[in-house]
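Nothing in this text is a laboratory measurement; each read-out follows from the coordinates by a stated rule. Here the structure is a predicted model, which is why all the values come from computation and not from measurement. Quick reminder, even Gly has a Cβ in these numbers, built from the backbone with ideal geometry, and neighbours come from all protein chains shown.
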Amino acid sequence: MSGAPPDNRRLRRQHALFVLLLVAAVLLAGALSQRHRWQLDLTAAGRHSLSESSRQLLAQLDAPLRVEAWLPPDAALRARVGDLFERYRRGAAAAGVDFSLAMRNPETDPAAARELQIARGGAVILRHAGAEQRLQQLSEAAVSGAIARLARGGARRLYFLSGHGERSPLGAGNGDYGRFSAQLAEAGLLLEPLDLAAQPRVPDDAAALVLADPRAALFPGERAAIADWLGRGGNLLWLLEPGARAGTELLAEQLGVRALPGVVVDAAGQRLGLDSPDFAVVSEYPPGRDGGAPTAALAAPSLLPQAAALVVEARRGWRAETLLRSGAQSWTERGEIAGTLRLDADAGEVAGPLDLGVALQRGEQRVVVLGDADFIGNAWLDNGANAELGRRLLEWLAGDDRLLQIARPEPADRLLLLGDAQRGLLGGLGLIGLPLLLFAVGAWQWRRRRRA
C-alpha cells in the first residue's frame, strides 16, 4: 500500500489551510479598506497630514464644502490632487463638515467646461454657502486660503493711503509690503493704494484704512477725509516711525495718541543673537479685556526694528488697551545708536516697559496704532512672529474675530535656531576642523604612497 506518510499529509493540510486563511484575510482587508480608511503620518513635520491651522479653518465652516477638480486625463496629476484633498476630507470628517470631491474631465464634458470657463490646464472650484473660489495652482496654502475666503464670505479690501511717501502695499523695496500683501491675498485680504487727493473720500467697501508711515504733510482735505472716515465708524491702522511728524497732529486730536521722542533700544535682543540694539523685542502679549486682544494667541516673539514708544491720553468715547509692550530692559534712546548705550534719565529718556502698539475701540469701531512700520516690510517680515502679528491685526480690524483663533505655524523643519555655542562650534568646524581633516587625509595618503 502506497501513499504519503501521515506527517506529510498533515503538513499539506496545514499549508492548504494557511493559504485559505491568508486569501480570506486579504479579501477581508480589501473589503474593509473600501469602508474604513486609516493612515499614519510618521514624518517629523507632518508633511502628509493637514496642518492644525487648516483643520481649524475647516471647523469654521457652517455649510457643506464641495470641490470640483476639472483635470485632464493625467493619472499622476489626478493622484496628486486626490492625495491633497484626501487630507481635507479627513479633516472635514473630524470637524463634522460635509465634504465631497468630484473629478471632472473637460475633454469629455466640453459643454460644461465652456459654461464654467475652465482654463485649458484645468481648474479646481471650491463651493460653500453659495460662494465659490477658483484655484489655478494647488498647495495646502492655496486651498486653505480659498477656504478662509469662503469662511469670511468674500475678500476684504484694505486701503493704503498713498501720495505722501508711504510704504507701498505692492512694492518690492525693503520697507514695502509686497510679500506681506501676497500672503494676505491668499487669505482673502486685499491691499490697495488710495490717493485721497484724487478720491476725496474713503470708499464704503473699505474694511480698514491703513496709514503706513506718511512722510509728507497731509493736505487739509485729506485730513478731513480721514476725520470723516473715523466719524463714519471706519477702522484704522496707523503705523508710524520715530521722529514722524506727518499726520501726527491728527492722531493726537482724534485719538489721543502720541509718540515719545527717541528710538526704543532693547538689551533683550542680545539673547536672540541680534547684532543691533535698536530691535524692540516683544515676547509677551497682554491678553486684553476678556482675553480678546488680537495678539493674545501669539507665542513667538515679534521683532520691531527702530520702533517708537507710544503714550495714550484719554479721549472721550474711546477705550484703549495695550497690544504690544517691550520688556524691562528697554528704554527710549535719544542719542546716537552707537557704542555702549545706557539709560540717561536726565536727557529725558524713558525706561521700559514701553507701549509699542495700542488698540482703541468705540463701540464696534476699531483703531490700532503701532510705533513701527518696518516689521511687516519685505526685509523684516520673516523675523519672529512679525507676519502673524500683521495678519492678526488686519483681520481684527476687518472684523474677522473668529479667524483670529487660527494659528498659522511654520513647518517645524523649516526653522533652525542655533545658540552662540552651536554657531561657534559650526564655525570652528568649518574654518579649522575641516581643513585639518583634509590635511590629515592628504598626509596619510602621502605617507602610504612613499611606503609602497
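Measuring r between the beta carbons of T340 and A75 and using R0 = 56 Å, the FRET efficiency lands at 0.25.
Compared with the direct C-alpha span, the chain from A25 to E132 gains 34.1 nm at full extension, assuming 0.36 nm per residue.
Taking amide hydrogens as placed 1.01 Å from N in the peptide plane, the amide H of F160 sits under 5 Å from those of E192, L194, V210, each at least 5 positions away in sequence or on another chain. The order of D109, D278, going from fewest to most other C-beta atoms within 10 Å of their C-beta, is D109, D278.
In the chain, the DSSP-assigned H stretches of four residues or longer account for a calculated mean residue ellipticity at 222 nm of -9500 deg cm²/dmol, using -39500 (n - 2.57) per stretch and the full residue count as denominator. The phi torsions of the stretch 300-307, fed into the Karplus equation with coefficients 6.51, -1.76 and 1.60 and a -60° offset, translate into couplings of 6, x, 9, 10, 10, x, 6, 9 Hz, rounded to whole numbers, with Gly and Pro shown as x. Taking 0.36 nm per residue of sequence separation and removing the Cα-Cα distance, the F219/A347 pair yields an extension gain of 42.7 nm. Legend: P(r) of the chain from all alpha carbon pair distances, 20 Å bins from 0, whole percents, reading 20, 41, 25, 10, 3, 1, 0.
Modelled spin-label separation between T108 and E313, with each label point placed 7 Å from Cα along the Cα-to-Cβ direction: 7.3 nm. The packing ranking of peptides 430-436, 297-303, highest mean first, is 297-303, 430-436, where packing means the average number of other beta carbon atoms within 10 angstrom of each residue. Annotation: amide H of A280 within the under-5 Å range of L304, Q306, A307, sequence separation 5 or more or interchain, hydrogens built in the peptide plane.
Applying a length cut-off of 20 Å (Cα extent along the axis) and a mean Kyte-Doolittle floor of -0.5 to the DSSP H helices of the chain leaves 6-35, 75-95, 434-451. If you take the beta carbon distance between L434 and L274 as r and set R0 to 25 Å, what does 1/(1 + (r/R0)^6) give as a FRET efficiency, to the nearest 0.05? The formula returns an efficiency of 0.35 here. If you take the Cα centroid of the stretch 259-300 and the Cα centroid of the stretch 81-157, the two points sit 39 Å apart. Of all beta bridges that DSSP places with both ends in the chain, some 60 percent have antiparallel geometry. Near L138, no amide H atom lies under 5 Å from its own; only residues 5 or more places off or on other chains count, and H is placed 1.01 Å from N. Counting only DSSP beta bridges with both residues in the stretch 52-150, the antiparallel share comes to about 65 percent. Exposure proxy shown here: for F18, F180, the number of other Cβ atoms within 10 Å sets the order, fewest to most, as F18, F180.
Extension gain for S53 to E364 (0.36 nm times residue separation, less C-alpha to C-alpha distance): 109.3 nm. Provide the FRET efficiency to the nearest 0.05 for the R120-A182 pair, computing r from the beta carbons and using R0 = 35 Å. E(calc), rounded to 0.05, equals 0.90. Among S330, S181, sorting on how many other beta-carbon atoms sit within 10 Å of each Cβ, with the fewest leading, yields S181, S330.
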